[in-house]
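No lab work stands behind these numbers, since they all come straight from the coordinates. In this text, all values refer to a predicted model and were calculated from it rather than measured experimentally. Neighbour counts run over all protein chains shown; Cβ positions are idealised from the backbone, glycine included.
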Amino acid sequence: MSADATGVIHDLGYQRYDGGRLGRAQIVRTLTAYSLRAAFGLGRGAKAKIVPVSAFALMCAPAIVNAFVVARGGARAFPYDTYSAPVRMIIMIIFVAVQAPELVSRDLRSRVLPLYFARPLRRGDYPVAKFTALATACLIMVEVPLLVLYAGTIASAHGGGAVWAQTRALLPGLAVGLMWAVTLAVIGLAIASFSGRRAYATGAVAIYFFLSLALAEVLIGVAGDGTTGARLGGLVSPLTVLDGVRQWLGGTSPGPVPAVGSYGAAYGVMLLAACGAGAAVLAARYRKAGLA
Amino acid sequence: MAGQSPGTAVAKPPHAQPADPGDAFVLETTALTKLYPGRVTALDGLTVQVTPGITGLVGANGAGKSTLIKILLGLLEPTRGRARVLGLDCQRDASRIRALVGYMPEHDCLPPDVTATEFVTHMARMSGLPAVAAKERAAESLRHVGLHEERYRQVGTYSTGMKQRVKLAQALAGDPRLLLLDEPTNGLDPAGRGAMLELIARIGAEFGISVVVASHLLGEIEQICDHLVAVEAGRLLRSDTIRSFTQSSQVLLVEVETGTAELADALRCDGLDPRLSGRGLLVPMDGDMTCDVIRDAVAGLGLPLARLEQRRHRLEEIFRDEPVPAGQPNTRASTRAGTEVSHVS
């Protein structure tokens with residue numbers, strides 16, 4: 001960087017910017033879009049794309065298998081409301097565990113937050129943008145396979161009635177997907193926002209989701225079929241809570257949680273409490289996370 | 001996203017309507033006090049006005065410089081007192097202030113895994129610039145700080161000096177009316193410091209952007225500032241233009257081989273204020289006649305004159321002198337540039 005070089009360059013002069021400026025809401029939207037791209041590794045190096053792209057491919061695999069099955073005259077291989085439950089649970093845990101830290105821990109680590117907060121954004125705007133981005137990313141991860149499942153099925157369906165039946169079955173599935181996206185994003189971000197070290201954050205998110213899921217399955221298994229314990233065992237893990245709420249809202253496919261029966265409302269309350277707690281933690285975290 | 005107006009909703013450029021045309025100060029604080037939990041006083045009734053141009057904010061580490069900057073950006077609430085930036089209230093209009101102010105923090109703030117262009121473009125967009133304009137201004141800013149060639153490299157591969165330039169570029173990208181630079185020469189080698197200071201001087205002089213530079217290195221920022229604000233323990237030590245500092249800091253060094261004490265007495269009788277400094281006397285300049293008075297006094301006493309030369313106090317001495325109670329000996333010789341400002345004991 002010779003002084004001469006800069007000397008020559010600066011002779012071109014400084015230009016004022018007289019154009020329009022975006023309002024705060026549009027800046028938040030820009031940050032959301034930027035973060036959504038980052039959630040799939042877009043605008044980052046090739047390494048950042050490995051996990052999201054392979055996770056997306058694996059999530060779509062059952063739907064693609066279904067397309068072949070249906071084309072050979074078989075019935076639809078997976079229900080819309082649970083999809084392939086083990087695949088969806090494992091892949092989504094991995095996706096959130098890797099991508100939530102990508103969205104928040106990275107900024108903590110590089111201490112870039114003061115630069116955001118020194119701009120028109122307000123404190124609360126940052127977690128809102130990050131949540132919207134990760135929830136949208138999760139939505140894409142969950143819903144696109146359902147749409148592939150739907151497309152593969154109706155491609156071989158005969159008659160409007162069959163297509164309509166598929167569509168009616170799909171819609172509750174999409175609603176379940178929305179619940180998944182919101183829940184996983186808010187809990188994943190709340191945990192990840194505590195560490196600037198991505199490895200720690202990823203570990204913490206993965207351990208929380210996997211351990212609680214294992215605990216729920218143990219509780220359900222120990223209690224035995226049809227007991228109250230089995231029905232309530234699912235309350236300890238966000239993923240089984242999501243399944244309990246699905247059943248409570250009328251989902252009929254068998255899922256990881258045995259029929260919740262009259263305890264469905266407990267799952268509903270638990271889901272709201274978990275999401276509320278996640279949001280509160282996230283908000284408090286960014287109210288505090290100062291310039292330091 | 002609540003509060004979103006439909007359409008493009010491109011707001012009026014902030015410069016088109018200055019916050020208050022009658023307001024001559026880029027920043028202004030009144031009895032500003034900030035207490036941190038645990039009875040730590042970061043700012044203690046600081047009242048200061050800063051006019052456009054380049055202003056040095058000097059003080060030792062912990063004097064309250066960074067706290068002041070955070071309050072000015074609306075990131076911290078003052079415990080008491082008021083602060084205004086560009087005529088806007090720091091608590092009420094924080095969002096508008098932040099759209100008009102560029103901030104370069106003291107610490108590292110760059111993600112290593114993006115290119116300088118991507119990072120500065122993103123930060124320009126976060127300042128409210130539309131996508132195309134952000135891209136253009138990011139390229140411009142990086143060119144101004146001398147990173148044109150390297151702008152497509154990942155920031156993690158940059159040297160400390162280049163990283164400091166990226167930090168400056170992101171502050172510049174939003175076309176601010178005021179730049180707040182917190183220790184911009186931190187971690188730089190002497191050549192890097194020189195280049196950074198030159199850049200800041202150019203931003204102030206040629207770009208027409210007011211700059212507040214916080215630093216604990218007085219000798220360094222006095223080279224580029226129009227105005228100096230010295231803070232210590234959260235209080236204002238002194239605020240004045242560099243010119244008045246320099247004027248008041250002209251001194252003559254007089255050395256006589258014998259009879260230093262008699263000469264001092266004679267000069268005192270002539271209305272001058274000589275102070276013993278090493279083997280000689282330091283006499284503050286009081287107009288052009290001072291030299292003549294000294295010459296006549298030396299001749300009148302018949303003393304052998306060894307040396308008579310003009311000297312400039314370094315500014316840190318001025319700051320130090322201020323609070324020293326009268327009668328206390330002050331025999332500090334000029335210190336070299338770059339000496340850190342330290343607390344007055």
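Within a Cβ distance under 11 Å of B:LEU197, other residues only, what is the Lys/Arg minus Asp/Glu net charge?
That works out to -1.
Quickly estimate the mean residue ellipticity at 222 nm for chain A, helices only: each DSSP H run with n ≥ 4 gives -39500 (n - 2.57), and the total goes over all residues, rounded to 500.
-24500 deg cm²/dmol
Could you go through segment A:230-241 in sequence order and give the Karplus-derived ³J(HN,Hα) for each residue, using 6.51 cos²θ - 1.76 cosθ + 1.60 with θ = phi - 60°, rounded to whole Hz, and x for Gly and Pro?
Per-residue couplings from phi come out as 5, 6, 9, x, x, 6, 8, 10, x, 6, 6, 4 Hz.
May I ask you to compute the full-extension gain from A:ARG109 to A:PHE194, defined as 0.36 nm times their residue separation minus their alpha-carbon distance, rounded to one decimal in nm?
Here the segment from A:ARG109 to A:PHE194 would lengthen by 29.5 nm.
Could you tell me whether segment B:32-100 comes out rounded, prolate or oblate from its Cα gyration tensor? Rule is a ≥ b ≥ c as square roots of the eigenvalues, rounded for a/c under 1.5, then prolate if a/b exceeds b/c, otherwise oblate.
Verdict is oblate for segment B:32-100.
Taking other Cβ within 10 Å of each residue's Cβ, how do B:ASP265, A:ASP243 sort, fewest first?
The most exposed by this proxy come first: B:ASP265, A:ASP243.
Considering the options A:THR132, A:SER105, B:SER66, tell which one lies farthest towards the positive end of the dipole of the protein assembly as shown, charges being +1 on Lys and Arg and -1 on Asp and Glu at the Cβ, about the Cα centre.
So the residue we want is A:THR132.
Report relative contact order for chain A in percent, whole number only (criteria: Cα-Cα under 8 Å, sequence separation at least 6).
21 percent
Would you mind putting B:141-148, A:99-106 in packing order, based on average other-beta-carbon counts within 10 Å, highest first?
The packing order, highest mean first, is A:99-106, B:141-148.
In vacuum, with every alpha carbon of the protein assembly as shown counted as one equal point scatterer, what does the Debye formula give for log10 I(q)/I(0) at q = 0.08, 0.09, 0.10 Å⁻¹? Two decimals, please.
-0.72, -0.84, -0.96
At most 13 other Cβ atoms within 10 Å and a DSSP loop assignment: could you name the GluC sites (Glu not before Pro) in segment B:133-168 that fit?
Those satisfying the criteria are B:GLU149.
Please report the relative contact order for segment B:249-312, taking Cα pairs under 8 Å with a sequence separation of at least 6, and give it as a percent rounded to a whole number.
The normalised contact order for segment B:249-312 reaches 54 percent.
Could you name the lysines whose alpha carbon sits less than 23 Å from that of B:LYS70, not counting residues in the same chain fewer than 8 places away?
Excluding near neighbours in sequence, the set is A:LYS288, B:LYS34, B:LYS163, B:LYS167.
Determine, from the Cβ-Cβ distance of B:ASP273 and B:ALA233 and an R0 of 22 Å, the FRET efficiency 1/(1 + (r/R0)^6), rounded to the nearest 0.05.
The value I calculate is 0.20.
Starting from the Cα of B:ASP296, step 7 Å along the direction of its Cβ; do the same at B:VAL132; then give the gap between the two resulting points in nm.
If labels sit at B:ASP296 and B:VAL132, their model points lie 7.5 nm apart.
So what is Rg over Rh here for segment A:24-288, counting just Cα atoms and using Kirkwood for Rh?
1.00
Can you work out the PRE-style zone for A:ARG168? Point 7 Å along Cα to Cβ, and I want the residues of segment A:219-251 with backbone N under 19 Å.
Label zone hits: A:249-251.
Can you compute the FRET efficiency between A:ILE64 and B:ASP108 using 1/(1 + (r/R0)^6), with r the Cβ-Cβ distance and R0 = 35 Å? Round to the nearest 0.05.
For A:ILE64 and B:ASP108, the calculated efficiency is 0.20.
Normalised by the empirical 2.2 N^0.38 Å for globular proteins, what value does the Cα Rg of segment B:27-244 take?
Output field value: 0.99.
Averaged over B:190-197, how many beta carbons belonging to a partner chain fall within 10 Å of each residue's beta carbon?
Counting Cβ atoms of other protein chains within 10 Å of each residue's Cβ and averaging gives 1.
How many nm is it between the label spots at A:ARG37 and B:THR79, if each spot is 7 Å from the Cα in line with the beta carbon?
Roughly 4.5 nm, to one decimal.
Rounded, prolate or oblate: which fits segment A:1-159 when a ≥ b ≥ c are the square roots of the eigenvalues of the alpha-carbon gyration tensor, with rounded for a/c under 1.5 and prolate only if a/b beats b/c?
prolate
Averaged over B:133-143, how many beta carbons belonging to a partner chain fall within 10 Å of each residue's beta carbon?
2
Under a point spin-label approximation (7 Å from Cα along Cα-to-Cβ), what is the A:THR252-A:ARG287 distance to one decimal in nm?
That separation, rounded to one decimal, is 4.6 nm.
Residue by residue through B:120-129, how many Cβ atoms from other chains fall within 10 Å of the Cβ on average?
So the per-residue partner count for this stretch is 6.
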